[in-house]
Amino acid sequence: MPDTLLATDADNPGTELWTRREIEQQPETLRATQQVLRARRAAIEAFVAPLLARPELRIVLTGAGTSAFIGECLAPWLSKLLGRCVEAIATTDIVSAPQYHLRRDTPTLLVSFGRSGNSPESLAAVELLDGHIAEAYHLVITCNAAGALAQRAGANSLVVMLPEATHDRGFAMTSSFSAMMLAALSILGGIDALDPRVPVIAAGVEGALAQAEAPAERLAERGFKRVVYLGSGVFTGLAREAALKMMELSDGAVVTCFDSALGFRHGPKTIVNAETLIVVFVANDPLVRLYDLDIVRELRRDGHSGEVIVVSAQPADGANITIPGMAQAADPDLLFPFIVPAQLLGLRVSQLLGLTPDNPNASGAVNRVVQGVRIHAAQA
């Protein structure tokens with residue numbers, strides 16, 4: 001995707017709209033990501049397989065902001081799949097309080113996610129691990145070969161570079177989020193195991209793009225002041241990412257909240273009023289799904305919110321957006337199509353607010369690559 005090629009909004013000629021393009025390219029970039037992993041399978045398996053064979057190995061998924069939420073989405077599933085505790089700990093937490101998160105005598109694999117790989121905390125987390133843990137390993141999944149994170153990798157490290165198109169130009173991470181998440185799911189869960197599922201996932205994302213466009217337009221035009229995303233299991237992390245997308249793309253004009261289906265009743269439900277939109281991600285897992293549907297029925301019965309939207313792969317759920325062809329899919333595979341409606345809604349709200357989605361914060365208070373971070377020395 002050359003820098004000279006711009007997507008434009010018909011209502012705002014010349015306005016860069018990388019964000020829309022990057023949302024819409026996700027089926028393609030997911031397929032391309034898996035192709036990259038297949039091509040590097042020998043090197044990846046040579047690095048990962050001996051580590052996963054060690055029962056004492058600790059696995060930490062890390063990143064900042066959206067990159068951290070990848071870990072929050074995947075950690076529950078990977079813990080179950082690998083039969084060990086896989087932890088999601090943000091670089092911002094590791095760097096600010098390493099004494100709570102690093103264990104000197106425990107062999108640790110740090111899986112670092114970075115769109116640009118230039119966030120100060122990303123590099124600092126790697127250096128802290130090397131300085132504070134006797135046996136540290138690094139798996140770097142990034143979209144930018146020139147980034148500091150990719151360039152820093154040395155001994156006991158493997159860098160997995162994703163396709164250039166995943167290095168999102170827009171402020172809000174979209175295709176970089178889904179591509180790095182797919183890469184981690186494939187590498188840690190088995191490239192061969194994920195291979196036959198990628199076409200189904202990509203087709204599900206295509207279906208979500210087609211189905212969610214009109215609802216996103218309608219909901220954006222209603223001008224909700226508050227948006228709540230709810231999800232359980234792997235979808236709690238996704239709800240957090242969805243809430244961030246709305247906050248970023250609206251430049252904070254829309255108040256957002258995220259929670260699990262059960263957790264929402266314990267205080268956060270007070271956010272609900274007539275100006276609140278609630279979006280519920282309904283799991284395929286039979287038990288999780290029961291709790292998701294319970295909160296949907298309760299919220300609709302209460303009638304206090306402006307609207308309750310259901311995103312599901314099950315037609316029987318009476319979903320507003322139903323992901324085609326994924327009724328039998330495992331929940332982590334649904335992460336990819338489920339995030340699409342939230343991305344499209346955030347994009348359209350941004351446009352209706354008169355913002356530039358690729359750079360919604362014109363004041364410069366926040367930046368595509370975080371600035372103003374001072375890294376302080378930590379005691380060994």
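The values are calculated or read from the model by the stated rules, or taken from the named source; none is laboratory data. Just so you know, these numbers come straight off a predicted model, no measurement behind them. For neighbour counting, all protein chains shown are included, and Cβ atoms are generated from backbone atoms with ideal geometry for every residue, glycine included.
Check whether at least one residue in region 337-351 is in contact with a helix residue (DSSP H, G or I) (Cβ under 7 Å, 6 or more places away or on another chain), in the same structural domain as residue 238 (by TED's automatic domain parsing) and over 23 Å from residue 66 (Cα atoms), and report yes or no.
Taking every residue of region 337-351 in turn, none turns out to be in contact with a helix residue (DSSP H, G or I) (Cβ under 7 Å, 6 or more places away or on another chain), in the same structural domain as residue 238 (by TED's automatic domain parsing) and over 23 Å from residue 66 (Cα atoms).
Considering only region 74-82, I want to know if a residue exists there that is surrounded by 20 or more Cβ atoms within 10 Å (Cβ to Cβ) and either assigned by TED's automatic domain parsing to the domain that holds residue 240 or in contact with a Pro (Cβ under 8 Å, 6 or more places away or on another chain) (or both).
The answer is yes; a qualifying residue exists.
Is it the case that residue 345 is farther than 15 Å from residue 230 by Cα and among the aliphatic types (A, V, I, L, M)?
yes
In the set 285, 292, 317, 302, which member is among the acidic types (Asp, Glu), modelled with pLDDT under 95 and at negative phi?
317
Which residue out of 255, 280 is buried (at least 20 other Cβ atoms within 10 Å of the Cβ) and under 16 Å from residue 230 (Cα atoms)?
Being buried (at least 20 other Cβ atoms within 10 Å of the Cβ) and under 16 Å from residue 230 (Cα atoms) holds for just one of 255, 280, which is 280.
When you check residue 149 against the structure, is it in a helix (DSSP H, G or I) and either among the aliphatic types (A, V, I, L, M) or in contact with a helix residue (DSSP H, G or I) (Cβ under 6 Å, 6 or more places away or on another chain) (or both), yes or no?
yes
Just give me the residues in region 318-347 being closer than 21 Å to residue 220 by Cβ and in a loop (DSSP other than H, G, I, E, B), in sequence order.
319, 320, 323
Show me the strands (runs of 3 or more DSSP E) entirely contained within region 40-138 in which 1 or more residues are of a type in the set (Gly, Ala, Ser), touching a strand residue (DSSP E or B) at 6+ places or on another chain (Cβ under 9 Å) and without any contact (Cβ under 8 Å) to a residue 60 or more places away in the chain.
Ranges flagged: 108-114.
Can you find even one residue in region 155-164 that is of a type outside the set (Lys, Arg) and modelled with pLDDT under 95?
Yes, because at least one residue in region 155-164 is of a type outside the set (Lys, Arg) and modelled with pLDDT under 95.
Taking the condition in contact (Cβ under 8 Å) with a residue 60 or more places away in the chain and either in contact with a Cys (Cβ under 6 Å, 6 or more places away or on another chain) or outside any helix (DSSP H, G or I) (or both), does residue 181 pass?
no
Within the bounds of region 50-62, is there any residue that is surrounded by 23 or more Cβ atoms within 10 Å (Cβ to Cβ) and touching a helix residue (DSSP H, G or I) at 6+ places or on another chain (Cβ under 7 Å)?
Yes, region 50-62 contains a residue that is surrounded by 23 or more Cβ atoms within 10 Å (Cβ to Cβ) and touching a helix residue (DSSP H, G or I) at 6+ places or on another chain (Cβ under 7 Å).
Going by what's in this entry, would residue 168 be described as under 14 Å from the mean Cα position of the chain (by Cα) and either farther than 10 Å from residue 29 by Cβ or assigned to a loop (DSSP other than H, G, I, E, B) (or both)?
The answer is yes for residue 168.
Go through (1) within 16 Å of residue 338 (Cα to Cα); (2) in a loop (DSSP other than H, G, I, E, B) and name the single condition residue 209 misses.
Of everything listed in (1) within 16 Å of residue 338 (Cα to Cα); (2) in a loop (DSSP other than H, G, I, E, B), residue 209 misses just condition (2).
Please verify whether residue 121 is in contact with a Pro (Cβ under 8 Å, 6 or more places away or on another chain) and either outside the structural domain of residue 41 (by TED's automatic domain parsing) or not aliphatic (A, V, I, L, M) (or both), treating the condition exactly as stated.
Taking the combined requirement at face value, the residue does not satisfy it.
Quick one: how many residues across region 244-300 are in a loop (DSSP other than H, G, I, E, B) and among the aliphatic types (A, V, I, L, M)?
8
With the structure loaded, tell me whether residue 369 is at pLDDT 95 or above and either out of contact with any Asp or Glu (no Cβ under 9 Å at 6 or more places or on another chain) or buried (at least 22 other Cβ atoms within 10 Å of the Cβ) (or both) or whether it fails that test.
Criteria not met by residue 369.
Looking at 158, 109, 128, 149, which is the one that is more than 30 Å from residue 30 (Cβ to Cβ) and hydrophobic (A, V, I, L, M, F, W, C)?
Being more than 30 Å from residue 30 (Cβ to Cβ) and hydrophobic (A, V, I, L, M, F, W, C) holds for just one of 158, 109, 128, 149, which is 128.
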